[in-house]
Every structure is written in structure tokens, then in C-alpha cells.
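The values are calculated or read from the model by the stated rules, or taken from the named source; none is laboratory data. Every value quoted in this text rests on a predicted model; they were computed, and no experiment measured them. Positions of Cβ are generated from backbone atoms using ideal geometry, with glycine treated the same way; all protein chains shown enter the neighbour counts.
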Amino acid sequence: MTDEPNLLGDYVRARRELVTPEAAGIPAVGIRRVPGLRREEVAMLAGISADYYLRLEQGRDRNPSVQVLESLARVLRLDDDATAYLLRLGATRPRRRSDRRRPETVPAGIAQLVSTLPLPALVEDRYFDILAANPLATALSPRLAAGVNRLWGLFCDPADQALYPDWEETTEGAVAVFRQSIGTDTDDPRFVELVGGLCLRSPRFSRLWARHDVQVCEGAPMRFAHPQVGDLRLNAEKLHIGGTAGQMLVVLHPDPGTDSADKLALLASVARTPADAVS
């Protein structure tokens, strides 16, 4: 046993509790006192001993073979992204010192690109801290601005929550992508501060975090209920910025010829208008 977080054990336990006996092909007989599968059922289906599986969950064995992890992924019905995450948790990693992280800076060329794009655009780090944003992004939402954490707005700001008609789906995906981006760096001071604060402030975040869902960061369509221009349907493209520690360029764009394209053009004109000129 060590004083390090038991990431592997926590993950397989959380996923075990989400798999029903029916999904695993096990007859649900009698009263079950645990959600999902029992430990011995997972062990049997994965072809390992119950005692060895218990050691994995308790953190007494933290480096199982790839074959064991792949068997567990099959039993726990993990998709490709979740399986890759499980394999990362089972890999040996050196203990690193938790120093205060240095402030991140956006590469100059990317910052210039963001400022000149005629679409809502921003740069965020792997903690969802926004490092740069153009005026059109901030016109879409005041929370899309440099110095703001996007997760904090999603879970703790009612005005920001009202911007997303599909809020439950949006928050579910955001937490899964966040867990994937953090990986095993759970001793990072920024991670501890952010997750601790969100768990205290948002029961929704706390529940989603406990599920241990993971999802690779990809572009996806999003809906916005903007208070000035109405409903917007935009595609969020997310591009990794080379030479950085996980920074992403996020660009929002409408499908051509749609009413969302017209509304975004109207929003752009509002963003270009000086505040004292708006009646």
C-alpha cells in the first residue's frame, strides 16, 4: 500500500457498479445489496481470482498485466476510449513532485489567429481554464473570456447554465473529457483545487465525477440559447496546439446557409459595436 491515490481501483469499482447483471449475462437471482456487479462476478467473468481482483480494487496491486486489464475492460463493457484510459491507469509511472505549476501562455501566433478569426474562438488548457478568447466568443457568453474556468461556469453559474438547452448532456460530456485530459495527474495542485471546489459547490459535478466516465476530446455540434439572438446551433471544432501542455484551440462555426449563420453574423455586429453606442 502507498499514500498515492488509488486511481485504478477507484475506476474499476465505479465502472463495476454501472454494469447490470443482465448486461453481463448473469441471472439476477435473490436480493442484491450492491449496485451493478459483485466483485466475485467481475473476477469470474474476467478469468482471474476473486482475491486478486479484490487486491486491485483496494490498491494492493497497481500494475496488472495488459491481458488482465483488457479482460476487465471487456467485462466492464468499456469502449475504446475508456479501455485506453484503463490501460494508462495500470501503467507504471514515476512519482512526481507536486510543484506549483507555471502560468501557461498561448503561443503568439495562435493568440493572433484567435483575435482575427471571424468566428467565436478561444484557447483553453486541460483544466478548461480559458487562456484567450476573441470578442465574438465573449459575445456568445460572458463566461467565454480569458481568466475564466469553463467547468466552473457550466456547474456553478445559473446564467451560464441557461445558455445550454442541452445542459445535462453538455455537462456529462465535459466531465468525461476533463477526466480523460487529466489522466493520472491527480496530485497536481490546480486539479485538486478545481475538483475539490466543484464537488463542494455542485452536486451534479460530484455525481458525474464519481462515475469515472472518460471521453476523448472531439468536435461536436452544440446548441446555445442566446438571450439576444435566440437559438444557435454551432459546431465546436477542437484542435490540439502543438508545443503546449494540452492547450486546445476551440472554434465555433455554423453550417452554411442556416439561420444560425445569420444569427451569428448579427451577434458579430453586436460584438463590434461599442457599448456606449448601443441604445
* Asked: Across the range 233-250, what is the total count of residues that are in contact (Cβ under 8 Å) with a residue 40 or more places away in the chain and surrounded by 14 or more Cβ atoms within 10 Å (Cβ to Cβ)?
  -> 8
* What do you reckon, is residue 250 more than 24 Å from residue 78 (Cα to Cα), in the same structural domain as residue 124 (by TED's automatic domain parsing), touching a strand residue (DSSP E or B) at 6+ places or on another chain (Cβ under 7 Å) and of a type in the set (Val, Ile, Thr)? -> yes
* **The listed residue being closer than 22 Å to residue 265 by Cα, touching a helix residue (DSSP H, G or I) at 6+ places or on another chain (Cβ under 8 Å) and surrounded by fewer than 21 Cβ atoms within 10 Å (Cβ to Cβ), out of 116, 184, 138, 170** => 138
* To do: Could you grab me the full set of residues in the range 189-219 that are among the small types (Gly, Ala, Ser) and surrounded by 12 or more Cβ atoms within 10 Å (Cβ to Cβ)?
  => 197, 202, 206, 210, 219
* Hits in the range 6-36 (condition: buried (at least 18 other Cβ atoms within 10 Å of the Cβ) and free of Cβ contacts under 8 Å to residues at least 24 places away in the same chain) -> 36
* Asked: In this structure, is residue 220 in contact (Cβ under 8 Å) with a residue 40 or more places away in the chain and either closer than 26 Å to residue 81 by Cα or in the same structural domain as residue 78 (by TED's automatic domain parsing) (or both)?
  -> yes
* Structure fact -> Among 90, 59, the single one that is touching a Lys or Arg at 6+ places or on another chain (Cβ under 9 Å) and either modelled with pLDDT of 95 or more or surrounded by 14 or more Cβ atoms within 10 Å (Cβ to Cβ) (or both) is 90
* Out of 121, 159, 139, sole residue that is at pLDDT below 95 and either more than 22 Å from the chain's Cα centre (by Cα) or more than 28 Å from residue 199 (Cα to Cα) (or both) -> 139
* Go through the range 30-56 and give me each residue that's modelled with pLDDT of 85 or more and small (Gly, Ala, Ser). => 36, 43, 46, 47, 49, 50
